[in-house]
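**Q** I'd like to ask some things about the structure below.
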Amino acid sequence: ARPDWVKGSLDALIPRGSGVPAQGSPEADVSDKPNYIRSYPEFTERELEVLRDVSRQRAEALRVLDAEVARTLDALAAAGESDRTLVVFTSDNGYYLGEHRKRQGKINLHEPSIRIPLVISGPGVGKGSRFTPATVPDLGVTIAAQAGVDLDAPDGIDLLAKTTPEAWSRPVVIEGLMPEPQYLNGRDRGTQMPSLNTSGIRAGRWKFVRYSTGETELYDLLTDPLELTNLASAPQHSARHEELQRLWEAYALCSGADCVGELPEELQLDSAENQALTLEQERATSAFFGWFSP
């Protein structure tokens, strides 16, 4: 779904799928992963071609979107509304394009799926990057605050409040809900679409994920930003696994003020540690997949 003028315009910049490294496999050893990932074989040459083409098409679509965003902002300025308009750009989810051998999709809770862009601009919004963890409930609170509306017992925080810390001091619940097998578009998709719900928690450098199958994942994103080593069965991390599972159980169905409590002190990151974690994730991911900025 792209206009003809953009087709092929980024081919030279995108030689392969965005989740495929220049050499080797996105994940050579999947023996520690849940069963659904263990079932994925390495990519065929044809699959690598498809991942490259889909990555190019998505980039082309974003190039068109860039132009449309510019038109919208120009129209706001021409109407004299820029100084009283809050502009928020984000996404519903990320998308796998080869990472962890996944050919496509979202739903699951690895970083390519849950890390999404968030750009906010408008009157009173400071310039520069922030590293405060942001969630979907936070967006509603933030927008309401900019409009002068007080929400009753919100599940999130105002990301633009001057008192909002850049430290990682609160748990962030993550989840992906896949529908049960059902008829879709008149066809029985039951055999192709099993239920594989996932829910988990990010707590600073640590991530815990539980699948509807009962399988779990545990990652230390400071030492393993690409999530290549699942620590859930590692004896030396059993205490951390149990701690994060208890934390997930406490917050998975929270509401109101119960959702914005503080993590145990040993799981918190101060502002400098939080920023360093994010920047190292970006550096390691870019280096592994060979991304670059033109």
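**Q** For Ala239, what is the net charge nearby, where nearby means another residue's Cβ is under 12 Å from its Cβ and Lys, Arg count +1, Asp, Glu -1? The partial results should precede the final answer.
**A** Numbers: positive: Arg240, Arg246; negative: Glu242, Glu243, Glu266.
Within the 12 Å Cβ shell, the charges total -1.
**Q** While we're here: How large is Rg over Rh for the chain, taking Rg from the Cα atoms and Rh as the Kirkwood inverse mean of 1/r across Cα pairs? Please list the in-between numbers first.
**A** Numbers: Rg = 20.7 Å, Rh = 21.3 Å.
Rg/Rh for the chain comes to 0.97.
**Q** Going highest first, how would you order 32-41, 239-248 by mean Cβ packing within 10 Å?
**A** On the way: 32-41: 14.6, 239-248: 16.8.
Result, highest mean Cβ count within 10 Å first: 239-248, 32-41.
**Q** Between Arg58 and Glu175, with labels modelled 7 Å along Cα→Cβ, what's the label distance in nm to one decimal, could you check?
**A** 2.5 nm
**Q** Ignoring everything except DSSP H segments at least 4 long, calculate the 222 nm mean residue ellipticity for the chain; use -39,500 (n - 2.57) per segment, divide by total residues, nearest 500. Each step should come with its number before you reach the end.
**A** Numbers: 6 runs with 86 residues, N = 294.
Helices in the chain give a 222 nm mean residue ellipticity of -9500 deg cm²/dmol.
**Q** What shape does segment 24-133 take by its C-alpha gyration tensor, where a ≥ b ≥ c are the square roots of the eigenvalues and a/c under 1.5 counts as rounded, a/b above b/c as prolate, and the rest as oblate? Write down the numbers at each step before the final one.
**A** Values: a/c = 4.13, a/b = 2.10, b/c = 1.97.
Prolate, because a/c is 1.5 or more and a/b exceeds b/c.
**Q** Within segment 23-121, what whole-number % of the accessible surface is contributed by carbon and sulfur, with the 1.4 Å probe and all protein chains included in the calculation? Show your work: numbers first, answer last.
**A** Numbers: 2950 of 5700 Å².
That share works out to 52 percent.
**Q** Excluding residues fewer than 8 places away in the same chain, name every one of the lysines whose C-alpha is closer than 22 Å to that of Lys106.
**A** Lys33, Lys207
**Q** Further question: Cβ neighbours within 10 Å, averaged per peptide: list 4-16, 275-287, 166-178, 116-128 in order, most packed at the top.
**A** Details: 4-16: 12.7, 275-287: 14.7, 166-178: 19.2, 116-128: 11.0.
For the peptides 4-16, 275-287, 166-178, 116-128, the packing ranking is 166-178, 275-287, 4-16, 116-128.
**Q** From the square roots a ≥ b ≥ c of the eigenvalues of the alpha-carbon gyration tensor of segment 224-276, which class results: rounded (a/c under 1.5), prolate (a/b over b/c), or oblate?
**A** Working: a/c = 2.06, a/b = 1.24, b/c = 1.66.
Taking the square roots of the gyration eigenvalues as a ≥ b ≥ c, segment 224-276 is oblate.
**Q** Here is a follow-up. At R0 = 30 Å, how high is the FRET efficiency between Glu242 and Gln104 if r is their beta carbon distance? Nearest 0.05 is fine. Before the final figure, lay out each step's value.
**A** Working: r = 34 Å, r/R0 = 1.13.
Efficiency, from the Cβ-Cβ distance: 0.35.
**Q** While we're on this one: Rolling a 1.4 angstrom probe over the protein heavy atoms, how many square angstrom per residue are accessible across the chain? Mind dumping the intermediate values first?
**A** On the way: 16710 Å² over 294 residues.
Computed with neighbouring chains in place, this is 57 Å² per residue.
**Q** Decide, for segment 72-148, between rounded, prolate and oblate: order the square roots of the alpha carbon gyration tensor eigenvalues as a ≥ b ≥ c, take rounded if a/c falls under 1.5, and otherwise choose prolate if a/b is larger than b/c, else oblate. Don't jump to the answer; show the numbers that get you there.
**A** Working: a/c = 2.91, a/b = 2.04, b/c = 1.42.
Note, shape of segment 72-148 comes out prolate.
**Q** How much net charge surrounds Leu139 when only other residues with a Cβ under 13 Å from its Cβ are counted (Lys, Arg +1; Asp, Glu -1)?
**A** After counting each charged neighbour, the total is -4.
**Q** Compute the Kirkwood hydrodynamic radius of segment 14-63, taking the inverse of the mean of 1/r over all pairs of distinct Cα atoms, and give it in Å to one decimal. Before the final figure, lay out each step's value.
**A** Numbers: mean 1/r = 0.0826 Å⁻¹.
One over the average 1/r among Cα pairs gives 12.1 Å for segment 14-63.
The values are calculated or read from the model by the stated rules, or taken from the named source; none is laboratory data. None of the values given here were measured: they were computed from a predicted structure. Every residue, glycine among them, receives a Cβ derived from its backbone with ideal geometry; neighbour counts consider all protein chains shown. The accessibility values were calculated without ligands, DNA or RNA, using every heavy atom of the protein model including side chains. Shrake-Rupley method; radii C 1.70, N 1.55, O 1.52, S 1.80 Å.
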